[in-house]
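Peer 1: Next up is a structure, given as structure tokens.
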Amino acid sequence: MTTQSEQRGDVAALVPAAGAGLRLGPGAPKALRPLAGEPLLVHAVRNLLATPDVGCVVVAAPPGEVDAVRAMLPEGVLVVAGGATRQASVANALAAVPPEFLIVLVHDAARALTPPTVIARVAAAVRAGSRAVIPVLPVVDTIKQVGDDGEVLATVDRSVLRAVQTPQGFDRPTLTTAHDQASDDLTDDAGLVEKLGVRVDTVAGDELAMKITRPLDLKIAEALL
Ligand code: C5P
């Protein structure tokens, strides 16, 4: 694996990896589940370090696993303890980013196969002036709004919907402000930026950036590798 000291990039990447990942079934925290013999997190960090833009990686590990996580990653990757929520884990990782990094990506250990091309595309959009950027894909399923009793309430116009992936990219002051002012725990950082009223831009995502959430996803990811 490329070591961080060989990197020359101006981008910091945060990897919240402290979740339990119960949807994968019982076992180790999700980021530490093996995929083709290595933890998901190791694959995700490898793809970040393979992206020349990335000069700093900070992982938020399950609080009891900080030393173990540090030992499985290349020298130079920073590892901090995660928090009770994803948002808290991101905030902990953000606080550890050295001051010279002014572009910050927030990735997800569960998107272990995200290609460096996607990571570079997000970083490039921030460098070109976007304050917040997310990779997206068109939605392929028909989406319905359903009430508590199972009744279909509406069919949503699929053409205006996008599925959101990571890494999400930010200029650092925007992400810091979004976290400082956050009150709810949202599932993504761009959502916090939207609440500030700041424009969020999109770039093309990639099917390989799929989120490995359920047992079938792990099987698909192993087949892809
Ligand atoms: O649960 P979900 O799949 O949405 O989690 C997304 C990411 O956030 C995962 O990589 C998970 O490890 C991370 N997370 C975290 N700290 C938490 C909860 C989730 O770092 N307390």
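Peer 1: Using only the alpha carbons of the chain, what is the convex hull's orientation-averaged projected area in square nanometres?
Peer 2: Over all viewing directions, the chain projects a mean Cα-hull area of 13.0 nm².
Peer 1: Please work out the average accessible area per residue across the stretch 144-184, using the 1.4 Å probe convention, and give it in Å².
Peer 2: 62
Peer 1: Rounding to the nearest 20 debye, state how big the charge dipole of the stretch 83-150 is about its Cα centre with +1 on each Lys and Arg Cβ and -1 on each Asp and Glu Cβ.
Peer 2: Value, rounded to 20: 300 debye.
Peer 1: Ranked by accessible surface with a 1.4 Å probe, highest first, in what order do PHE101, PHE170 come?
Peer 2: PHE101, PHE170
Peer 1: At q = 0.11, 0.18, 0.20 Å⁻¹, what is the base-10 log of I(q)/I(0) for the stretch 127-225 according to the Debye formula with one equal point scatterer per Cα and no solvent? Please give it to two decimals.
Peer 2: Taken in order of the listed q values, log10 I(q)/I(0) reads -0.47, -1.03, -1.11.
Peer 1: Which is the longest stretch in the chain that no exposed loop site breaks, taking sites as trypsin sites (Lys or Arg not before Pro) with a DSSP loop state and at most 13 other Cβ atoms within 10 Å?
Peer 2: Between exposed loop sites, the widest span is 9-198.
Peer 1: Among ALA154, THR85, VAL200, flag the residue with its Cα farthest along the positive direction of the charge dipole of the chain, charges on Cβ as +1 for Lys/Arg and -1 for Asp/Glu.
Peer 2: Highest projection toward the positive end goes to VAL200.
Peer 1: OK, next. Ordering ASP148, ASP67, ASP206 by how much accessible area each has at a 1.4 Å probe, largest first, what is the list?
Peer 2: ASP148, ASP67, ASP206
Peer 1: Run the helix sum for the chain: -39,500 (n - 2.57) per DSSP H stretch of 4+ residues, divided by residue count, reported at 222 nm to the nearest 500 deg cm²/dmol.
Peer 2: One gets -8500 deg cm²/dmol as the mean residue ellipticity at 222 nm.
Peer 1: At 1.4 Å probe size, with the rest of the protein present, what percent of the exposed accessible area of the chain is carbon and sulfur atoms?
Peer 2: 54
Peer 1: Here's something else I'd like to know. Starting from the Cα of THR187, step 7 Å along the direction of its Cβ; do the same at ARG158; then give the gap between the two resulting points in nm.
Peer 2: Roughly 1.9 nm, to one decimal.
The values are calculated or read from the model by the stated rules, or taken from the named source; none is laboratory data. Keep in mind that what you see is a predicted model, and the values were worked out from it rather than measured. When we count neighbours, we look across all protein chains shown, and the Cβ atoms used for this are built from the backbone with ideal geometry, even at glycine. In case anyone asks, the SASA skips ligands and DNA or RNA and just uses the protein heavy atoms, side chains included. Shrake-Rupley method; radii C 1.70, N 1.55, O 1.52, S 1.80 Å.
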